[in-house]
Each structure stands twice: as structure tokens, then as C-alpha cells.
Amino acid sequence: MANANAVVDSSLPNPFLGGIVPDAWRGATADVPEIHGDVYSQCLAAVQTVRTQQQSSSVLIHGEQGSGKTHLLARLQRRLTDTDTYPDLEDEWQIFVYLRMRTSSGRIWRKIRTELVTDLMRPMPDGLTQLDHVLAKRLATKCDGHADLALWWDHHREDRMEELIDAWHETAMQLSLRDDFTQVLEWFIRGKHRRHVRAYLGGGLVSEVGFRHLFGNVDASHYAPDNEDDAFAAVIALCHVAGPQIPIVFCFDQIEAIEVEDASHKPVWYLARAVADLTDEATVAAISCVLANFADNEIRAQDRARLVSGGQTALQRLDRNQMRQVIRSRVTAMAATAAAAGDNEHWPFADDEAMFASRSTPRELLHAAATRFDELRGVAVASPATDETPALASLFEQRVEDAIRLQKPEDTDDLIASTLPNLLSILEPGWTTEYPAGPHNSKRDIELVLIGLDKEARVGVALCNQPSMTSLAAQLKRLIENRNAFNLHKLVLIRDGRLPISPGAVATRKRLDQLTKDESVLVRPTREVMAVLDAVRSLIADATCGDLTLDGQAVAVTTVRQWLADHLDSVTREWVDQFCRPPRPGWIDDAPPDDTEVDAVLEYLEASPVASVDTASRATGVAESRIVELAGVASDRLQIVSGDPSVIFRVVNSTPLSEEGQSMQRSEAR
């Protein structure tokens with residue numbers, strides 16, 4: 001029994017900082033398996049139901065903010081991906097998929113598809129991806145497979161490739177897998193074109209060069225339409241490839257962040273419907289985490305039954321013993337504090353500490369412990385901030401910097417669809433959003449319509465980020481034909497500035513000219529603008545889900561929205577202005593780069609990613625001096641290394657090569 005607090009060395013680090021688990025793939029360093037152990041066991045039972053009974057199972061978990069929902073999913077991830085051992089072909093295996101639902105309700109299946117493929121391509125400790133594991137275990141049943149999975153897979157791909165390919169085509173035929181997926185997954189098995197394979201399977205941006213690698217001389221517009229039906233079909237197809245023998249475990253988090261298109265429904269309505277459709281059409285496990293319970297009439301009765309087929313449970317607040325276990329796990333996870341504590345399991349807090357007086361969430365406990373630890377080591381504890389502006393500004397700036405490194409052109413459609421309505425309502429109160437349907441928008445050529453105050457204006461927003469000029473030209477043709485059906489005052493066409501419009505795409509440019517002469521405008525957002533949108537979305541999503549805290553207190557979403565209204569920079573405001581009024585003069589001094597010339601250079605660099613400036617000039621017809629100027633004003637897309645000769649290259653992603661990228665390189669090498 002510890003009746004007095006310990007004397008704490010002021011040089012010791014504080015082991016209780018960092019109370020929020022960022023996502024299930026980056027779990028906390030310390031864990032107490034006994035906490036929420038019953039809920040954890042229920043999730044594992046759902047996975048076993050899929051494997052042994054060959055039927056879907058879904059668990060719904062309720063938990064207040066800070067109760068440990070994401071921490072629980074991280075524990076589940078560590079168990080299901082078996083990070084301590086390399087699997088044999090005979091071992092039970094499963095696929096873990098984590099989905100943080102920052103998207104709009106009209107793009108849920110595209111979100112699920114993207115995250116499913118992202119996690120299938122995630123490398124495991126043996127150097128193989130989760131998709132390698134699926135295909136190896138599938139094909140091993142036809143190719144006399146046994147022993148170590150990685151060794152068997154590498155051996156067969158090196159010495160018995162055609163046997164594997166024959167087995168794969170037989171499997172695909174048994175599954176009635178569509179032809180394009182059969183071909184793309186064959187390339188994956190061969191270890192070829194994996195970057196294009198990933199983009200195609202995930203519904204991402206596959207260039208025309210990539211299509212030729214995957215399918216030969218096939219019209220790129222023939223495959224992979226960017227819509228919910230195709231995304232749903234792709235998800236189900238990949239689930240069938242795995243089958244119940246290799247259960248795919250979908251873990252849904254931050255449900256409340258879904259931007260709803262129909263105000264009569266809450267985010268959980270869309271989640272429940274998606275889980276119901278998923279578990280009806282494929283044999284999978286689904287784990288869904290929500291902040292609070294909801295009324296029966298908030299979702300369809302048939303969807304509720306599927307959402308809780310494997311059980312419904314809640315994460316309880318910690319009791320005194322569990323709180324002590326959390327404190328001990330944090331202390332022992334750090335070498336310096338573990339040495340200071342020694343065998344004293346109660347170090348550094350006495351039993352009569354106020355933090356143990358009543359049940360608390362893990363987040364509340366860790367904040368109280370961090371504050372008290374600083375007091376015990378004589379570190380001045382700052383008073384709770386009365387003005388959240390400095391902390392929010394710092395956090396927002398960091399998220400913008402992270403997004404500049406990580407955000408990719410294939411994220412643009414989802415980011416704009418889920419963020420623009422929110423951002424416009426923050427900066428221009430009174431504006432609302434409509435999502436047009438009907439036969440004239442069956443391909444969702446117009447993503448949304450922004451409605452001005454008192455319905456004074458109707459502004460259509462079309463997302464035009466297809467890599468194929470043929471697909472883009474087809475969309476523009478439909479917009480020309482159907483525009484009057486939307487009763488628009490203005491049409492805004494958005495194409496990410498990092499995606500070129502080929503100077504040789506005559507039909508595409510002709511239709512763009514026709515539209516822009518008829519009260520339409522083409523907007524080419526830069527990497528920096530997209531990074532700001534990403535930061536806006538993440539702040540609002542975290543606040544909505546109770547995952548944004550300052551000084552241990554949750555920051556309300558209303559606070560975040562007001563801060564954004566007061567502090568967003570003028571460049572972002574000018575960008576938003578393009579949707580609701582003519583541009584205001586004098587906001588941006590620098591003239592925008594000539595997109596036609598930038599597109600010409602980008603298109604050339606797609607085939608030759610690095611080239612001397614003089615070579616690029618001869619190939620594009622853009623003067624060398626002009627190319628140097630373009631690299632200055634379009635530095636988010638083009639950059640130059642000066643020398644003899646000077647070299648120009650295309651900026652694709654400024655992120656250091658990820659573990660996943662390294663794995664893909666190794667697979668290509670194999």
C-alpha cells in the first residue's frame with residue numbers, strides 16, 4: 001500500500017504524455033490486455049465465426065471520447081497481423097483493414113475500396129504484403145504448398161511462375177472474378193507494375209502509360225469508372241479472393257466524421273447500411289466503433305441486425321485497479337522511469353491521489369497523471385489555456401506541413417467532396433450544399449451544387465481528375481450536353497494542378513474552351529491548397545469525434561469552426577471565393593503559371609521523370625528560360641537542379657520512401 005507519493009527526479013521524462021492513439025496501425029507503446037478484455041475477446045470471436053462457420057459477423061462497440069476505442073483496434077491489429085512470427089502456409093491467417101471514416105456519405109464505398117487496397121498492400125514482417133499472403137495461401141491449396149509462406153511464395157515465383165499463373169486463372173474462374181481484376185492480379189503475382197496495380201485496384205489515378213502496362217492497347221476509359229457501384233463491386237471481388245478461410249476484418253473508426261449528404265440521416269445510418277451490404281455480399285468480419293448509442297429509428301431495422309450480428313458492447317470506465325495497471329504499464333514502458341520505480345508497483349503515486357477517487361477514461365487518467373507527475377518532479381505546470389488560438393494555430397500549421405508531404409493527387413476528389421461544403425459554410429455562412437441525382441447525373445459528373453444565401457446562386461462543382469484524356473473528354477461532353485438540366489449560374493471544373501492536361505488532347509481542350517466561355521471556370525488547386533483542405537478536414541473530424549484535445553480537454557467542433565473562420569489565410573479564402581463570386585482583385589500578387597506550358601512539361605516528364613532542361617525544351621517547344629520560370633512559380637509540380645546541364649524533374653511526392661514503398665521495390669526486384 002503506497003501511502004505517500006514518491007520523490008521524483010526532475011530529469012526523468014514524463015511517461016504519461018501522449019494519450020491519443022493516432023490510428024490502429026500506430027498503437028500506444030504500453031498496453032494492459034486485461035482492460036476491455038471482454039470486448040477484445042468478442043472481436044476475436046467474430047473473426048473465428050467467419051473462419052469456422054463461413055458466415056459474416058459484425059460487432060458494434062460504443063465508447064465515450066477517450067475510452068480507448070482506437071487503442072482497442074490497435075491491440076486487435078497487433079494480434080491479427082501476428083507481428084511476432086512469420087506464418088507458415090498451414091497457419092490461420094486474416095487480413096486487418098483500418099478505416100478512419102473521413103469522407104462524404106456519397107463516397108463511402110470509394111473510401112472503403114481505397115483503404116482496403118492500402119492495407120492489402122501494407123508489408124508484414126516477412127517482407128510480403130497482406131495481399132501476397134492472401135494469394136500465397138489461396139494458390140498453395142492448388143500447388144502443394146506447405147512450410148514457411150514467404151519462402152514458398154518466393155520459390156514458386158522464381159522457379160514455378162507459370163504453374164502459379166495457371167492456378168491463379170483457375171481460381172479466378174471459380175470465383176467468377178471479372179477479367180480486369182484477373183489480369184491486374186496476375187501482374188501482382190508476377191511482381192510487375194505494382195504501382196499501377198495498386199492504383200487500379202484502389203480506384204486511384206492510373207495514367208494512360210499505366211493502362212498500357214496493365215492491359216496493352218485498350219481504351220483507358222473502358223475500365224474503372226469512378227463511382228460507388230464500381231467501388232462496391234471491387235471491394236466484394238477482393239473479399240471473395242480472400243474468402244472466409246482468410247477473413248478480412250474491417251475496423252471502422254471515427255464514424256461521426258462522415259459528412260452526410262442527406263440531413264435527415266446521421267452518419268451511423270450510412271455506416272449501418274454499408275456494413276449490411278458488405279456482410280450480405282461477402283463473408284467478412286466488421287468491427288464498428290461509435291461514440292454513443294443511438295435510437296432504433298436512426299438506422300434501418302434490417303441494417304441494425306447485421307451491424308450487431310456478432311454482438312453489441314460498450315467500453316466501460318476504468319476502476320481503481322485498472323487505473324493502477326495503466327499507470328504501471330506507462331512507467332515500465334520507458335527505461336528511465338522503469339529503473340526509478342524498481343519493484344515498487346505503485347510508483348510514483350500514493351493511493352489517496354485524487355485521480356483514483358472515481359472511475360475515469362484512459363485519456364482522463366493519463367492527463368491527470370501527466371500533470372501530477374510534473375508536479376512531483378518540480379516542473380512548473382502551466383495553467384489551462386484560456387485562449388485556444390495559439391495551440392490551434394500550431395496544430396493546424398503542423399497538419400498542413402504533414403499534408404504537404406503526404407497528400408497525393410488521387411486523394412483530391414474525396415478531399416474536396418468531403419471538405420468544400422464544410423469550408424464554404426464556415427467562410428460564407430448561409431451557403432448550403434445539394435447533391436444532384438437523376439438520369440442527367442448518373443455518372444456523377446457534377447459532384448455537388450453549392451447554393452447561395454436565399455438561393456441567390458447555384459454553383460455546380462465537377463471533379464475532373466481522370467488521368468485518361470479520353471475519360472476527361474467524355475465527362476466534359478456530358479457536362480456540355482446536360483448543364484442546363486442543373487439550372488446553374490456557374491460551373492466550376494476542378495483538376496488538381498499536379499495532373500497535366502495533355503497539349504495534344506484536342507477534343508479535351510476544345511470542350512474545356514467551350515465550357516469556360518459559357519460561365520464555367522477551370523480551377524487548378526496547388527499542393528499547398530490541398531494541404532490546407534486536408535488540415536481543415538482532419539481538425540473538424542477529430543473535434544467531431546472527440547479526438548482533439550488541448551490541456552486534456554476536448555475541443556468542441558464549434559470552437560474549431562470559429563477558429564478557422566477567423567484565421568484561415570487569404571490565399572485559401574481567395575480559392576474558396578472562386579466558387580461563390582468573381583475573384584476579388586489584389587489578393588494574390590503573383591500571376592499564376594501558364595497551365596498549358598506546365599502541362600506540356602509534366603506530360604513529357606511522365607515518360608521521362610528526370611530530363612535536362614534543354615532536352616525538355618526541344619521535346620515540348622517551351623523555351624529553356626521559360627521552363628526555369630515555370631519551375632519557380634509551379635514548384636509544387638516542377639523543380640530544377642542547377643548544373644551543367646540543369647535538370648528538371650516532376651514533383652510526385654515529397655515523402656521519404658515509406659516502409660510500404662520499400663516493400664514494393666523488393667517485390668519488383670524479386
Among SER329, ALA607, LEU12 - extreme Cα towards positive end, dipole of the chain, charges at beta-carbon: ALA607
For the chain, share of DSSP beta bridges that run antiparallel, in % to the nearest 5: 40
Ranked list, fewest to most other Cβ atoms within 10 Å of each Cβ, for ILE501, ILE287: ILE501, ILE287
Relative contact order [Cα under 8 Å, 6+ residues apart], segment 37-314, whole percent: 35
Estimated distance in nm for a label pair at SER394 and ALA338, the labels positioned 7 Å out from Cα along Cα-to-Cβ: 3.0
Entries in LYS137/LYS192; LYS490/LYS517; LYS443/LYS490; LYS111/LYS408; LYS408/LYS517; LYS111/LYS510 that, when Cα-Cα distance is taken, lie over 22 Å: LYS408/LYS517; LYS111/LYS510
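Using the Cα centre as the reference, give the magnitude of the dipole from point charges on the C-beta atoms of segment 37-314 (Lys, Arg: +1; Asp, Glu: -1; all else neutral), rounded to the nearest 20 debye.
Here segment 37-314 has a charge dipole of around 560 debye.
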Built amide H within the under 5 Å cut-off of VAL523, gap 5+: LEU493, ILE494, ARG495
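Excluding PHE486 itself, what net charge comes from residues whose Cβ is under 10 Å from its Cβ, given Lys and Arg +1 and Asp and Glu -1?
Net of charged neighbours comes to 0.
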Nearest-0.05 FRET efficiency for ASP9 and LYS192, computed from C-beta distance (R0 51 Å): 0.35
Cα-centre dipole for the chain with unit charges at Cβ (Lys and Arg positive, Asp and Glu negative), debye to 20: 880
Relative contact order of the chain, pairs being alpha-carbon contacts under 8 Å that are 6 or more residues apart, as %: 18
Cleavage-rule hits (trypsin sites (Lys or Arg not before Pro)) in segment 167-216: DSSP loop, at most 14 neighbouring Cβ within 10 angstrom: ARG178, LYS192
Percent antiparallel among DSSP beta bridges (both partners in segment 392-580, rounded to 5): 50
Mean Cα-pair separation over length for segment 73-185, i.e. relative contact order, pairs under 8 Å, 6 or more apart, %: 23
Calculated FRET value between SER358 and LEU427, using beta carbons and R₀ = 56 Å, to 0.05: 0.85
Label assignment, semi-axes √(5λ) of the Cα gyration tensor in Å derived from the structure, set (i) 73, 42, 19; (ii) 61, 33, 19; (iii) 42, 33, 26: (iii)
Surrounding net charge for ALA357, when Lys and Arg each add one and Asp and Glu each subtract one, Cβ distance under 11 Å: -1
Linear extension gain, GLU298 paired with HIS440, 0.36 nm per residue minus alpha-carbon span: 48.0 nm
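Coordinate-derived values only; no laboratory data. If you're wondering where the values come from, they're calculated on a predicted model, not measured in any experiment. Using ideal geometry, Cβ is built from the backbone for each residue, glycine included, and neighbour counts are taken over all protein chains shown.
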